[in-house]
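What follows is a set of notes on a single structure, which appears directly below.
The values are calculated or read from the model by the stated rules, or taken from the named source; none is laboratory data. Not measured: the values here are computed from a predicted model. Reconstructed Cβ throughout: ideal geometry from the backbone, glycine too, with neighbour counts over all protein chains shown. Accessible surface areas use protein heavy atoms only, side chains included; no ligands, DNA or RNA. Shrake-Rupley method; radii C 1.70, N 1.55, O 1.52, S 1.80 Å.
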Amino acid sequence: MTKTVNHWIGGKTVEGTSGQYGPVTDPATGAVTTQVALASAEEVDAAVAAAKAAYATWGTSSLAQRTAVLFRYRALLDAHRDDIAALITAEHGKVHSDALGEVARGLEIVELACGITTQLKGELSTQVSNRVDVSSIRQSLGVVAGITPFNFPAMVPMWMFPLAIACGNTFVLKPSEKDPSAANLLAELAAEAGLPDGVLNVVHGDKVAVDALLAHPDVAAVSFVGSTPIARYIHATASANGKRVQALGGAKNHMLVLPDADLDAAADAAVSAAYGSAGERCMAISAVVAVGAIGDELVAKIRERAEKIKIGPGNDPTSEMGPLITAAHRDKVASYVTGAAAQGAEVVLDGTGHTVEGFENGHWIGLSLLDKVSTDSDAYKDEIFGPVLCVLRVESYEDGVALMNASPFGNGTAIFTRDGGAARRFQLEIQAGMVGVNVPIPVPVGYHSFGGWKDSLFGDHHIYGNDGVHFYTRGKVTTTRWPDPADAPAGVDLGFPRNH
């Protein structure tokens, strides 16, 4: 019998009642191993109702109560790293070391949430006028929701709900239906840590569930990570329904390599950033911009390294890259490579015919490297989300920055150079939210915030860090005047307080 992944509502597993199920495959074999219940609008409503009921007490709980649960939760996550990673590998396909890295980066945000007491401190100004004080505090929103992608089924949810619940909110998570099991384990461990029933709920589903969350009157805010078209839809729809929204979209991340760069280090970085996690990450470097005469040597070094990458099942310790999430996605990624030459690119490596012995039905694709790519080609314009690296040639630093800033995306970017002045100019001139200097994947640590510019972000807040705390809280300012007991009643004054 096929295993079924059900919902987690009100602190317990709840079987799906819609009668609709989605397949979950093992990307290494192509076999359907699990089915996931797809929620109806009524089931989403039940999850929101559980969260709303829990907010009545969790929203007024002490910071000490919340952080005590989070500290225990952090310890349980640490103890179950391998279990979470194994679920990620089984359903997403990424190699075990990549999956462990994902869990580690998610743990950073749990650790940030453990220290929420300092993040939620307010401000006080005394004697702004005679016997008048002004204080500012931040309070929770209520029920908030998160809609997360398939490529990081543990990390991205952990970028959201630990901070949200630390701030006093309750949470409804709608993870990707392609790899749902990790989310349930995260919720089960939270319950084991003592999180009260209903504070964290997991409801699985497709567009029906998403639209129900976006329209629900009891959901105050929505966090989303995914592709740009869906991010734009989430932002427009949730905003129209009066919700606070942070919607992180897609990317086309560039790496500018100057003539003075250490080309071995740049090639190492390009291979790691382009092909790690099979390119299925929004911070992957998908376009290398080579400046001047270094292009041929850089491409040769990238090719030499890429040809040595071992592709295989994620649970094989010798594998360095696993399969793609679905066969349909594999075919879409391959189409960009097969059509590249007709659009003017030089196909240096073509990974479209790659298979793995003994796993012939898996969603395999090899590493592809496209040189001399045009900015009007499909391989450059679209977010491919697979192990395809494009190399573009420019004559100068200025040409490279102009090319990169013309992109509609502005998620992450990097420069490789030994010149501090050039790096400083790049930091100021590049139009992207996250910048790496000799760092290919500049994902900020947990206490800074993650987010892009332009079509890579819809909404005003980045995710986690200070922006995350501000997103999951709202400010309140109180102006207070207490009469001095020694004074006689002052009478009625209908004017503004005299501040000067």
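Of everything in region 364-412 that's open to solvent by less than 10 Å² (accessible area, probe 1.4 Å) and in contact with a Pro (Cβ under 8 Å, 6 or more places away or on another chain), which residue is nearest to HIS462 (Cα to Cα)?
The selected residue is GLY412.
In this structure, is THR237 of a type in the set (S, T, N, Q), touching an Asp or Glu at 6+ places or on another chain (Cβ under 8 Å) and within 30 Å of LEU298 (Cβ to Cβ)?
Values: of a type in the set (S, T, N, Q): yes; touching an Asp or Glu at 6+ places or on another chain (Cβ under 8 Å): yes; within 30 Å of LEU298 (Cβ to Cβ): no.
No; evaluated as a whole, the condition is false for this residue.
Which residue out of GLY495, GLY475, GLY446 is more than 26 Å from TYR233 (Cβ to Cβ), in contact with a Leu (Cβ under 7 Å, 6 or more places away or on another chain) and either of a type outside the set (Val, Ile, Thr) or open to solvent by 90 Å² or more (accessible area, probe 1.4 Å) (or both)? Quick ask: steps written out before the conclusion?
Details: GLY495 fails: in contact with a Leu (Cβ under 7 Å, 6 or more places away or on another chain); GLY475 fails: in contact with a Leu (Cβ under 7 Å, 6 or more places away or on another chain).
Testing whether each residue is more than 26 Å from TYR233 (Cβ to Cβ), in contact with a Leu (Cβ under 7 Å, 6 or more places away or on another chain) and either of a type outside the set (Val, Ile, Thr) or open to solvent by 90 Å² or more (accessible area, probe 1.4 Å) (or both) leaves just GLY446.
For PHE385, all conditions in the list (1) in contact with a Lys or Arg (Cβ under 7 Å, 6 or more places away or on another chain); (2) among the hydrophobic types (A, V, I, L, M, F, W, C); (3) under 26 Å from GLY226 (Cβ atoms) hold save one; what is the number of the exception?
Every listed condition holds for PHE385 apart from (1).
Using the structure shown, decide if ALA284 is at positive phi, touching a residue at least 40 places away in the same chain (Cβ under 8 Å) and among the small types (Gly, Ala, Ser). Let's see the steps before the verdict.
Working: at positive phi: no; touching a residue at least 40 places away in the same chain (Cβ under 8 Å): yes; among the small types (Gly, Ala, Ser): yes.
It is false that ALA284 is at positive phi, touching a residue at least 40 places away in the same chain (Cβ under 8 Å) and among the small types (Gly, Ala, Ser).
Quick check on this structure: which one of VAL469, VAL435, VAL439 is assigned to a helix (DSSP H, G or I) and modelled with pLDDT of 95 or more?
Unique residue meeting the criteria: VAL469.
What about SER227, is it surrounded by 24 or more Cβ atoms within 10 Å (Cβ to Cβ), touching a residue at least 60 places away in the same chain (Cβ under 8 Å) and among the polar types (S, T, N, Q)?
No, not satisfied.
Taking interchain pairs and intrachain pairs at least six residues apart, which have beta carbon atoms under 6 angstrom, with the first residue in region 322-341 and over 16 Å from ASN361 (Cβ atoms) and the second of a type in the set (D, E, K, R) and part of a loop (DSSP other than H, G, I, E, B)?
Between residues of region 322-341 that are over 16 Å from ASN361 (Cβ atoms) and residues that are of a type in the set (D, E, K, R) and part of a loop (DSSP other than H, G, I, E, B), the close pairs are VAL337/ASP350.
Looking for something closer than 28 Å to VAL225 by Cβ, open to solvent by less than 10 Å² (accessible area, probe 1.4 Å) and over 26 Å from the mean Cα position of the chain (by Cα) - is there at least one such residue anywhere in region 325-332? Walk me through how you get there before you give the answer.
Taking region 325-332 first, the residues closer than 28 Å to VAL225 by Cβ are 325-332.
When the remaining residues are screened for being open to solvent by less than 10 Å² (accessible area, probe 1.4 Å), the result is 325.
Then keep just the ones that are over 26 Å from the mean Cα position of the chain (by Cα); that gives none.
Checked region 325-332: no residue is closer than 28 Å to VAL225 by Cβ, open to solvent by less than 10 Å² (accessible area, probe 1.4 Å) and over 26 Å from the mean Cα position of the chain (by Cα).
Count, please, the residues in region 375-400 that happen to be part of a loop (DSSP other than H, G, I, E, B) and under 29 Å from the mean Cα position of the chain (by Cα).
9
From the residues in region 268-296 that are assigned to a helix (DSSP H, G or I) and among the charged types (D, E, K, R), which one is least open to solvent (accessible area, probe 1.4 Å)?
ASP268
Residue check: is LEU186 of a type outside the set (D, E, K, R) and open to solvent by 30 Å² or more (accessible area, probe 1.4 Å)?
no
Kindly indicate whether any position in region 144-153 is more than 27 Å from ALA85 (Cα to Cα), open to solvent by less than 10 Å² (accessible area, probe 1.4 Å), assigned to a loop (DSSP other than H, G, I, E, B) and in contact with a helix residue (DSSP H, G or I) (Cβ under 6 Å, 6 or more places away or on another chain).
Looking for residues that are more than 27 Å from ALA85 (Cα to Cα), open to solvent by less than 10 Å² (accessible area, probe 1.4 Å), assigned to a loop (DSSP other than H, G, I, E, B) and in contact with a helix residue (DSSP H, G or I) (Cβ under 6 Å, 6 or more places away or on another chain), one finds none in region 144-153, hence no.
Would you pick out the residues in region 353-363 that are under 19 Å from ASN315 (Cβ atoms), of a type outside the set (Asp, Glu) and surrounded by fewer than 21 Cβ atoms within 10 Å (Cβ to Cβ)?
HIS354, THR355, VAL356, GLY358, PHE359, ASN361
Which condition breaks for THR237 when tested against (1) within 19 Å of the chain's Cα centre (by Cα); (2) not in a loop (DSSP other than H, G, I, E, B)?
Condition not satisfied by THR237: (1).
List pairs: first in region 351-363 and farther than 18 Å from VAL333 by Cα and in a loop (DSSP other than H, G, I, E, B), second among the β-branched types (Val, Ile, Thr) and at pLDDT 95 or above, Cβ under 9 Å, 6+ apart or cross-chain?
PHE359/THR29
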